[in-house]
Structure formats: C-alpha cells, structure tokens
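Comments concern the structure below.
The values are calculated or read from the model by the stated rules, or taken from the named source; none is laboratory data. In this text the structure is predicted, and so the values were computed from the model without any measurement. Neighbour counts run over all protein chains shown; Cβ positions are idealised from the backbone, glycine included.
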Ligand code: ATP
Ligand code: MG
C-alpha cells in the first residue's frame, strides 16, 4: 500500500468523549473511526488487524472440524420466545424494531436459538450428528455503558461457534477440545501468558461456564487468579464454597482486573428440549440434540492487544497480527526512491504486506507514523541502498541493521 494513495492519516485529534486507551491509540494511528459511543468503523489498517486475528481463530475452528457460515442479524421474535429469551427482563441488551407491517424483530446479539432451528431442518437421525458451525458476525447489543472503546461495543465482531451432539459425553469431549483450541488462539495472538481459564456463572444447565480472561489494568471484570495453576474464578461466583469445590486456596488467589476475551457454554439438552429439536437414535427413539456454544470477542481482542502492546511512541503489534510487516521510507534523491521502489515490488511479489510511505512529507514525520502504527520492521532506502544494503530496524529495538534485498526478504517473509 502506497500512503500517497491512502485517504486516511494518523491524527492528533481524539474525540473529546473518548476515555479508553485502546480507542485513543487506534484512532490516532488511523485504524478505527468513532461513529458514536461503542460504535467504531474499521479503516483499512484496522480491518487488516481484524482480518489477521480472524485468520488465527479460523484455523483453530477448522481444526476442530467446524464449518464457517454466516447467520442473519434480523431475528424473528418467535424463535426467541421458544426459550424465553425474547423477554427484555431476561436479556437486557436487545435492540428491537418493527417491520413495516408491524411484525416485531430483534437484532442478533447471539445465535443459539437461530442455529438450533436451522439445524432442525437438516438433522434427523443419529447419523447426522455430531457437527459444528461457526461464524464471524457483527453482534448488536444495547449495552448500558460503553466507555471502554473496542472492549465494549454496541456493535462488535464476535466469533461464535455452535456444536451439536447426541449425548452429554459427546458434548463434553468436544468441549474439552474446544477449550484447548481457545488457549491455542490466545497463545498465537501473543496473549498466552496473560490469559486464564476462568470459572464464571453458568446459566440454565451448568453451575459454571468457562471464560477466558486476559489480565488488563483497565479490564472491566475482576477475577481471582491462581497464577501457578493458571486458573481463575470470576468475582460473580467467588465464594468460599466455590474456592473449595475447585480445589483452590484463598491464600493463593490474587485479585486482578481482566477482560473477558472468550466464553464457552455447555447447554446440555436444555435448548433441544425447549425447542423440540430432536434426532432419532439407533433404536429409533427421539432424543433432544445437545448444544454447546463458544464465543470469542474478535474486536474486543483487538482492543485488548492495543491496551497491552504499546509504548510511548504508539502501538507495537505482534508480527503475525500487524497490518503490514514493513514500513518503507526513502531518504535521498532518485537513487533512494528507485531502491525503495525495487524493494516494494520484490516484497509485494512475495506476498509481504508493505506500507510504502511515498508521501511528500519530512522523514521525521514518517518515522513517527511508522512507530505510531506499530509496524514490526521499519526499512529505510537511502542513496547507497542498492550497493550497501537497506537499513532495517525492529519496532522494539533501537539500532538498525543493514542488509541487501535478498536477506531482507528472507527475514520478513
Ligand atoms: P460481558 O460480560 O463482557 O458483557 P458477555 O458475557 O455478555 O460479555 P458473551 O455473550 O459471553 O458476552 O459473548 C462472547 C464474547 O463476546 C465475550 O466473551 C466477549 O469477548 C465478547 N463480547 C461480549 N460483549 C461484547 C461487547 N459489548 N463488545 C465487545 N465484545 C463483546
Ligand atoms: Mg460472557
């Protein structure tokens, strides 16, 4: 991408009502645009970050054998009445509206009910199960407060997976595999050290659900963490009884702030019973389908990463998530520009994402933007670059190295 052709720029102006560090940084770097509280647009660089996070998640979900689909935002009232979740007393985040003919509709904040109805049209016998599906979808939730930037959107991107099984044992087996896949996701995003499996309130069927909480100073949740055991208890279920039940000790638990980056639920046969979604077993008996669901806050993760990965000069993306691997700058006359153009073409052909800052602005401004955007490698082409090599500097190091195009490609590709 050539910056001279980009419509967007870094900025020093942050909306007056923005309090969250993640949003401030991402707005300054030109990654997101604040439409209103809890509602952000993803600009080209921000979208690339989001896509890179999605790719990490997608590969883990595919490894679990789940297939990707895309459900609808407009949700019929009847579907949700089947389980009592249309009621605003039960679900306090509904956005609702009416069709022209007066029919009430809701905007999808989750998709368990919709998926149960959908699969009931395709699943009839034990031979059709088990199976799982997932989606990346914009969820709409009428959150009471939305002051944490991307950590709490009224419109936000979630990955939600739904798994359908024939028995509790089959569900439990998949649930354990999914738990591991979730831990893999956080590890690949560079959050492995800070993210903990957390016991949280369960809901209709189980005593607990499992959350994945990333320790964060400005996180909205409080958890009690046993660092050695890599387990935590959410404040909402933190009692002496629960501590004992989980085999933990109060004196080993540390109170920390954290952000919920994932939540997985075991619904057992509850939804299948409520919605009469059934299958025929080997003996021809009708049985309810068992459901488990698995959410990850994709845009929240982007916010968490912005909160954690930064310094006084701006963002510091992990290499696999950064919107580009290289930020390329030419300093000198035509010779330097030619060297930069050459490298830009070589890297682009090799599929390496490059931000080429070919704007007519001071070099200092370009350096500052490279740092603010958090691009892993800053490469400078000067008049001697073709002969003596390019200057390459890691975002987190102070001294640059020199190398020719071939070595450089090898390093960053
Ligand atoms: P919270 O307790 O933070 O309100 P939740 O428990 O209501 O979240 P879930 O229904 O468990 O959320 O949704 C699955 C995942 O989606 C969460 O673990 C979180 O990572 C993400 N998520 C939920 N609400 C939001 C939101 N308003 N903005 C951004 N991400 C969200
Ligand atoms: Mg949750």
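Things to note:
- Among (1) more than 10 Å from ligand 1 (Cβ to nearest atom); (2) under 20 Å from residue 57 (Cβ atoms) - the single one residue 202 does not satisfy: (2)
- Breaking point among (1) surrounded by fewer than 18 Cβ atoms within 10 Å (Cβ to Cβ); (2) more than 15 Å from residue 277 (Cβ to Cβ); (3) free of Cβ contacts under 8 Å to residues at least 40 places away in the same chain, for residue 122: (2)
- The listed residues are 280, 299, and the only one of them that is within 30 Å of residue 114 (Cβ to Cβ), assigned by TED's automatic domain parsing to the domain that holds residue 205, touching a residue at least 12 places away in the same chain (Cβ under 8 Å) and more than 16 Å from ligand 2 (Cβ to nearest atom) turns out to be 280.
- Check on residue 146, over 25 Å from residue 84 (Cβ atoms) and out of contact with any helix residue (DSSP H, G or I) (no Cβ under 8 Å at 6 or more places or on another chain): yes
- Screening residue 4 with (1) modelled with pLDDT of 95 or more; (2) surrounded by 13 or more Cβ atoms within 10 Å (Cβ to Cβ) gives one miss only, at (2).
- Residue 347 being surrounded by 19 or more Cβ atoms within 10 Å (Cβ to Cβ) and farther than 13 Å from residue 330 by Cβ: yes
- Single match in 250, 271, 229 (criterion: away from ligand 2 (no atom under 16 Å from the Cβ), in contact with a helix residue (DSSP H, G or I) (Cβ under 7 Å, 6 or more places away or on another chain) and without any contact (Cβ under 8 Å) to a residue 40 or more places away in the chain): 250
- The single residue among 261, 256, 289 that is within 16 Å of ligand 2 (Cβ to nearest atom), touching a strand residue (DSSP E or B) at 6+ places or on another chain (Cβ under 6 Å) and touching a residue at least 24 places away in the same chain (Cβ under 8 Å) turns out to be 261.
- Check on residue 220, within 16 Å of ligand 2 (Cβ to nearest atom), more than 20 Å from residue 178 (Cβ to Cβ) and over 21 Å from the mean Cα position of the chain (by Cα): no
- For beta carbons closer than 9 Å, sequence separation of 6+ or different chains, a first residue in region 190-213 that is at positive phi and a second that is within 12 Å of ligand 2 (Cβ to nearest atom), the qualifying pairs are 203/209; 203/265.
- Residue in region 381-394 that is within 30 Å of residue 218 (Cα to Cα), out of contact with any helix residue (DSSP H, G or I) (no Cβ under 9 Å at 6 or more places or on another chain) and not in a helix (DSSP H, G or I) present: yes
- Under the condition of being more than 16 Å from ligand 2 (Cβ to nearest atom) and farther than 30 Å from residue 272 by Cβ, the residues counted in region 130-144 number 0.
- On the stretch given as region 7-46, residues that are more than 16 Å from ligand 1 (Cβ to nearest atom), within 17 Å of the chain's Cα centre (by Cα) and either surrounded by fewer than 15 Cβ atoms within 10 Å (Cβ to Cβ) or modelled with pLDDT under 95 (or both) total 1.
- Within region 369-382, being without any contact (Cβ under 8 Å) to a residue 60 or more places away in the chain and either under 28 Å from the mean Cα position of the chain (by Cα) or surrounded by fewer than 22 Cβ atoms within 10 Å (Cβ to Cβ) (or both) holds for 370, 371, 375, 376, 377, 378, 382.
- Per the listing 304, 326, the residue uniquely at pLDDT 95 or above, within 24 Å of residue 192 (Cβ to Cβ) and touching a strand residue (DSSP E or B) at 6+ places or on another chain (Cβ under 6 Å) is 304.
- Sole residue being surrounded by 14 or more Cβ atoms within 10 Å (Cβ to Cβ), over 25 Å from residue 58 (Cα atoms) and more than 11 Å from ligand 1 (Cβ to nearest atom), chosen from 178, 232: 232
- Positions within region 133-149 being under 17 Å from residue 263 (Cβ atoms), in contact with a strand residue (DSSP E or B) (Cβ under 8 Å, 6 or more places away or on another chain) and near ligand 1 (Cβ under 10 Å from one of its atoms), in sequence order: 139, 141
- Filtered by the rule that a residue be crowded, with 19+ Cβ neighbours inside 10 Å and over 13 Å from residue 167 (Cα atoms), region 269-289 gives 271, 275, 277.
- Subset of region 60-76 [in contact with a helix residue (DSSP H, G or I) (Cβ under 8 Å, 6 or more places away or on another chain), surrounded by 16 or more Cβ atoms within 10 Å (Cβ to Cβ) and closer than 23 Å to residue 179 by Cα]: 60, 61, 64
- Count of region 395-412 residues, restricted to those that are at pLDDT 95 or above and not in a helix (DSSP H, G or I), is 9.
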